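Q: Next up is a structure, given as structure tokens.
We did not get these values from a lab; they are worked out from the coordinates using the rules stated. None of the values given here were measured: they were computed from a predicted structure. As a convention, Cβ positions derive from the backbone with ideal geometry for all residues, glycine included, and neighbour counts pool all protein chains shown.
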Amino acid sequence: MALRTRLTDILGIDYPIIQGGMAWTATAELVAAVGNGGGAGVIGAGHMPTDILREEIRKAKSLTEKPFGVNLMMLTPHIDDLAQLVLDERVPFVTTGAGNPAKYMPALREAGIKVLCVVPSVALAKRMESIGADAVIGEGMEAGGHIGELTTMVLTPQLVDAVEVPVVAAGGIADGRQVAAAFALGAEGVQMGTRFMCAAECTIHDNVKERVLKAKDRDTIVTGYSTGHPVRVLKNKLSRQLEELDRANKPEELEKLGTGKLALCMRQGDVEMGSVMAGQCAAMVEDIRPAAEIIAQVMTEAEETFAELGGRVS
Ligand SMILES: Cc1cc2nc3c(=O)[nH]c(=O)nc-3n(C[C@H](O)[C@H](O)[C@H](O)COP(=O)(O)O)c2cc1C
């Protein structure tokens, strides 16, 4: 099923599936594989130095002819340079998170670069639409990484009612039944992060993939509430230490302990003292397979779910 929506038209992709831009995790190999599989791959720029992001963009261009994006984290100190690079390299689209992209909107739009803004609330979605976002990605608190307060189930339909631009549902989506559910709520696409961590082409350390495969339903925890920047991770030694600092209300110590821990996990494979960012749906990830197969499988499942629904609700 091709399942064409306004999102597939805006991005020029076959299937309405975005691979979430994940810092230290979503590199050119994964991004290209997702694009070649008909979805939208997104490089997670995070705090990446400008030179490294340039290399990643060029590598992705060498591995696929398909459109791909870059996730820009607005709070990174050298965001001006990263935004300029995206303009110079004419990346087809960007997703934005953690801060306000208003300053960059005119230049991005002028260059024909589509902008999809990650939002945790209705108010922010409206603001992003008003500054020219092409779509909003509503991210529920089931998601891996930094989260807001609302669940995907509750956030998605409210966004659909509040904005005219297409809404993409993110957070907790790992299979086709959930894609169908997101569409039933009015979404025109989904963004998946945790599921793609276990794509064969994802370059994170094997220890992390194994940890995701072993995860059970209640294995994630949210730490960092005391800092105002809560993060969902798989429980481990680090998360227990962070939890204690949260309870003791020591946000500065918590920030300090958390610094550099995502790279330690994803690149060096330390799944005890590294930050194993992953969503609640980690429990649903059961195998490592090529990104194109993940996309084909969830689309088939979604199609089957739509067909079955007719029979179930007579
Ligand atoms: C390891 C990891 C790193 C992430 N890094 C970022 C990031 O740098 N920027 C961002 O906007 N979202 C980031 N996210 C969120 C994803 O882009 C995506 O929205 C989320 O994973 C969707 O929820 P799911 O994990 O339940 O599929 C990250 C998620 C994970 C699991």
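Q: What translational diffusion coefficient, in µm²/s and rounded to a whole number, does the Stokes-Einstein relation yield for the chain at 37 °C and a viscosity of 0.692 mPa s, taking the hydrodynamic radius as the Kirkwood radius over Cα pairs?
A: Once the numbers are plugged in, D ends up at 170 µm²/s.
Q: What is the local net charge at A296, summed over the other residues whose Cβ is closer than 12 Å to its Cβ (Lys, Arg +1; Asp, Glu -1)?
A: That works out to -3.
Q: Within the range 220-314, report the GluC sites (Glu not before Pro) that DSSP leaves as loop and that have at most 16 other Cβ atoms within 10 Å.
A: Those satisfying the criteria are E272, E286.
Q: Give me the distance between the Cα centres of the range 30-98 and the range 247-278, rounded to whole Å.
A: Taking the Cα centre of each part, the range 30-98 and the range 247-278 sit 24 Å apart.
Q: Moving on to the next point. Run the reach check for K256 against lysines, Cα to Cα strictly under 23 Å, same-chain hits fewer than 8 apart removed. What comes back?
A: Leaving aside lysines fewer than 8 places away in the same chain, those within reach of K256 are K235, K237.
Q: Among V154, V136, rank each residue by its count of other Cβ atoms within 10 Å, from fewest to most, as a rough exposure measure.
A: Final ranking by Cβ density, sparse to dense: V154, V136.
Q: Given only helices, namely DSSP H runs of n ≥ 4 each adding -39500 (n - 2.57), what is the per-residue ellipticity at 222 nm of the chain, to the nearest 500 deg cm²/dmol?
A: -12500 deg cm²/dmol
Q: A further question follows. Among 140-153, 158-171, 73-86, how do they line up from the highest to the lowest mean number of other beta-carbon atoms within 10 Å?
A: 158-171, 140-153, 73-86
Q: Between E304 and I221, 0.36 nm times their residue separation minus their Cα-Cα distance comes to what?
A: 26.6 nm
Q: Still on this structure, please answer the following. Once you keep just the Cα pairs under 8 angstrom separated by 6 or more residues, what percentage relative contact order results for the chain?
A: Result for the chain is 17 percent.
Q: Follow-up question, since we're still on this one. Principal axis extents for the range 216-277, Cα atoms only, whole Å, descending order, please.
A: 28, 26, 17
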